[in-house]
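Below is one structure, written out as structure tokens; the observations come after it.
The values are calculated or read from the model by the stated rules, or taken from the named source; none is laboratory data. Remember, it's a predicted structure, so these values are computed and weren't measured experimentally. A quick note on method: Cβ atoms are made from the backbone with ideal geometry, for glycine too, and the neighbour counts reach across all protein chains shown. The protein model used for the area step is the full one, side chains on, heavy atoms only, and it has no ligands, DNA or RNA in it. Shrake-Rupley method; radii C 1.70, N 1.55, O 1.52, S 1.80 Å.
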Amino acid sequence: MLSGSLRIARICRGYAPVVFLPVRSLHISTTTLAPPVPCRNPVPKMDGLRQSPAHKRQRTSIEVAGVTSGHEQGRTFSVPGLVVREHTFTVPLDYSGKEGPYKGQTITLFARELLGPSRNENLPFLVYLQGGPGFEAPRPCDASSWIKSAVGSHRVLLLDQRGTGRSAPITCSNLGRRGGPQQQAEYLALFRADSIVRDCELVRRLLVPPTCFGGKWAVLGQSFGGFCATTYLSQAPEGLMEALLTGGLPPAIRSPCAAEAVYTALHRRVLAANAKYYERFPGDVELVCRIVRYLAGQPGGRVDLPSGTHLTPRLLQTLGLSGLGSGGGFERLHFLLDGFFDAEGDMNPAFGKAFESWQSWDTNPLYALLHEPCYCQQPPHGAAAAAGEGNPAAPGPAPGVPPRWAADRVRDSVAFAGAFDAVAAAAEGRPVMFTGECVYRFMYDDVAALRPYKATAEVMAEKADWGPLYDDAVLANNRVPVAALSYVDDLYVDYDLSMDTAASIKGLKLWVTNEYRHSGIRDDGGRIFDRLLGMARNAVFD
């Protein structure tokens, strides 16, 4: 469900036929929404890096979860085509208010507000939720892609989600200071989508005046950011004027833990993607077999990279994460593999450096540690939960379901019958199958940056007491205009599983296509944003 932050170059999408599928809508209408009340925002305009003495940094604060939460406006500066204004927010670390080690503690969130050159302060806010989990918002160097379109209709807020970027980042060096594995797991549990949505609501209250479109704002969610947006629609729809989702309709939202269903579907899809890759580059069948045989033949069955990471055949297979699922990925993967061997038949050190540049485990460890838990929630939810609330005779919430290394269980199941055994495939001269967006247990042995947190990952894999993420009853009665783009060939968010979610959100307007891979928002963001916004603003409800 990742990631707008994987370092993937925009190249071409020429490896497969482009097919335009018709726009699907679960609620079709030509009626346009009435224009909202104009924004009368008192935020002053500021020029360059300096602020006028008459316009000192603004500060606001409110009480939330027993702590004082606040907002401070920072500097304003310009990049080509954009005015950038910085904001910091103080928010509770733990919103539950329960007694515990984090009660009363706060963290600082960071966001960049983007305006067009005209600095139109009368536009509504749109908060962008990045893919992940565990990746920071984009760093705007100019007005390009979807941002160029968005600043024509919104004031865009690029929020670093908690634990990322400049928002209390969790790193491979500082997580260990939280105590032992159990304490680290308790801390990590506060960084899921439910807390991200509470952050957004608090930021909205601190930043958006009631005179600005009724105090509401819009949300754009990419990949995991779309999961967060769906949680937002479930838990705080009153704060939203419209919601746009790209490759981010969460799968199997009624399941207490959708991880196994998700990985079963995605392993099937990644096998099909491998077949397309080798059809595109048939010579890579023997090349990859040769690479696997080389790695397996080294002492310990691996090559140790300068970082301490063990480059094993199974870790090599994880190149499919970005190589098979994003625009231009086939070509990038081919050219990377093409440079594996030096003139003497040994591994070229440049390959090892490039391999690690494809991975984000060392810079964004939340992605690994929260990957399977982001599919888990406490059942029941929706109407069942509402019926039991405050009723002593009603049964309590059902126990949660831990993820328990779902990706490992699926890969090693009878259903895939050793299809991902790289060493066996290479020995037999069969195509070696690359894997997709999965976090396997062996990564905590092979990846140096993750190695210290193997015990923490084991605790997370057995953790069952997750909070609720989605409310089926609220979504069934949704009144927020929602437009979503789903990719038929998505290797990150399974299309078939997402369609059930699409049908669960009242009024959702759906665009289905295989014109793009999961990286559509990067590859053709302007067109995608404009179309989704138009779809949302033509929504009506019975």
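State the number of residues belonging to the range 429-478 that are open to solvent by less than 40 Å² (accessible area, probe 1.4 Å) and within 21 Å of F416 (Cβ to Cβ).
Counting residues in the range 429-478 that are open to solvent by less than 40 Å² (accessible area, probe 1.4 Å) and within 21 Å of F416 (Cβ to Cβ) gives 13.
Is the range 252-260 home to any residue that is at pLDDT below 95, of a type in the set (K, R) and either open to solvent by 10 Å² or more (accessible area, probe 1.4 Å) or part of a loop (DSSP other than H, G, I, E, B) (or both)?
yes
May I ask you to verify whether I147 is modelled with pLDDT of 95 or more, touching a strand residue (DSSP E or B) at 6+ places or on another chain (Cβ under 9 Å), aliphatic (A, V, I, L, M) and under 25 Å from A464 (Cβ atoms)?
So I147 fails the test.
It is to be established whether one or more residues within the range 510-533 are crowded, with 19+ Cβ neighbours inside 10 Å, under 22 Å from Q378 (Cβ atoms), of a type in the set (V, I, T) and touching a residue at least 24 places away in the same chain (Cβ under 8 Å).
Taking every residue of the range 510-533 in turn, none turns out to be crowded, with 19+ Cβ neighbours inside 10 Å, under 22 Å from Q378 (Cβ atoms), of a type in the set (V, I, T) and touching a residue at least 24 places away in the same chain (Cβ under 8 Å).
Filter the range 487-503 down to the residues that are outside any loop (DSSP other than H, G, I, E, B), open to solvent by 10 Å² or more (accessible area, probe 1.4 Å), touching a residue at least 24 places away in the same chain (Cβ under 8 Å) and touching a helix residue (DSSP H, G or I) at 6+ places or on another chain (Cβ under 9 Å) and list them by number.
Scanning the range 487-503 gives D496, L497.
Quick check: anything in the range 487-501 in contact with a Gly (Cβ under 6 Å, 6 or more places away or on another chain) and among the β-branched types (V, I, T)?
Yes - at least one qualifying residue is present in the range 487-501.
Does D342 count as surrounded by fewer than 16 Cβ atoms within 10 Å (Cβ to Cβ) and under 17 Å from V432 (Cβ atoms)?
No: the conditions fail for D342.
Just the residues that are open to solvent by 40 Å² or more (accessible area, probe 1.4 Å) and outside any loop (DSSP other than H, G, I, E, B), please, taken from the range 84-102.
T88, T90
Output the number of the condition that M241 fails; it satisfies all remaining conditions of (1) over 27 Å from L497 (Cα atoms); (2) open to solvent by 10 Å² or more (accessible area, probe 1.4 Å); (3) in a strand (DSSP E or B).
Evaluating M241 over (1) over 27 Å from L497 (Cα atoms); (2) open to solvent by 10 Å² or more (accessible area, probe 1.4 Å); (3) in a strand (DSSP E or B) leaves (1) as the failure.
Got a sec? Which helices (runs of 4 or more DSSP H) wholly within the range 443-486 have at least 1 residues that are under 30 Å from M535 (Cβ atoms)?
Answer list for the range 443-486: 472-476.
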